[in-house]
1. So how long is each side of the stretch 38-191 along the principal axes, counting just the alpha-carbon atoms, biggest first, in Å?
2. Could you work out how far apart the two model spin labels at Ala74 and Gln131 are, taking each label as a point 7 Å from the Cα in the direction of the beta carbon, and quote it in nm?
3. Under a plain spin-label model, where a point goes 7 Å from the Cα along Cα-to-Cβ, how far apart in nm are Asp46 and His156?
4. How do Val85, Val110 line up, fewest other C-beta atoms within 10 Å first?
5. Among the lysines, which have Cα under 25 Å from the Cα of Lys45 when same-chain residues fewer than 8 positions away are ignored?
6. Note down the nm distance, to one decimal, between modelled labels 7 Å out along Cα→Cβ at Ala118 and at Lys142.
7. What chymotrypsin sites (Phe, Trp or Tyr not before Pro) in the stretch 115-192 are in a loop by DSSP, with at most 15 other Cβ atoms within 10 Å of the Cβ?
Amino acid sequence: MQFEPRHSDSTVLRLTQEPLLPPATTRPSTQNLDLTSPIKLWSVKDQDSFQSYEGTIVHVHGYSLIQHGRSLTAIEWLKLRSLHVFVFHVSGITDHQQAADSFTFAAGKVLFLERNPASSYDPNEIRVISQDGVHQAGFVPKDVAEIMAPIMDSTHTSRASGAVLKTFFVAEGHRKAIEVVAAAGRELRLVL
């Protein structure tokens with residue numbers, strides 16, 4: 001995972017010469033992917049607050065993925081997945097609350113996804129760990145891990161890189177959710 005700095009006077013960096021995704025007429029096959037070329041994702045700073053169904057105020061800090069200065073369409077989200085790029089909310093945060101609340105998992109931080117095929121709970125288990133490998137925030141959700149684990153296994157990688165896109169936290173300072181973008185079996189570049 002590499003981060004590319006934006007110009008300090010720019011609030012949104014526009015994608016001009018390198019499209020994030022192939023044209024709509026092209027449908028990439030997951031078996032014929034060029035996994036050596038990096039995927040470059042562009043993002044814009046995002047902050048918001050909303051009231052949860054429990055009635056608490058949830059604050060959102062982080063980044064939203066964009067292309068050509070706008071949010072991604074539903075088709076573009078699907079194409080990302082076909083290119084082995086996944087966006088998901090970390091599962092099991094409450095079991096790892098202290099680590100999840102740390103600066104290690106703040107928006108924009110690099111992290112790793114680590115396979116754990118020996119897990120008695122789930123053979124597709126993938127842990128979400130800090131860049132230094134010391135802290136665990138939780139796990140890749142089962143539905144995403146079912147897709148990512150075979151990709152990681154087929155490319156003989158036990159770790160994939162990712163980054164925290166957004167964090168959702170309540171007034172007490174505890175994170176309720178961490179949104180991650182990650183690539184399985186390929187390089188990912190996130191422009192913040």
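The numbers here are math on the coordinates, done by the rules we state, and not lab data. Note that this is a predicted model, so its numbers are computed, not measured. No Cβ is skipped: glycine too gets one built from the backbone with ideal geometry, and neighbour counts run over all protein chains shown.
1. 43, 40, 28
2. 3.6
3. 3.7
4. Listing Val85, Val110 from fewest to most nearby Cβ atoms yields Val110, Val85.
5. Reachable lysines: Lys79, Lys109, Lys166, Lys176.
6. 2.3
7. Tyr121
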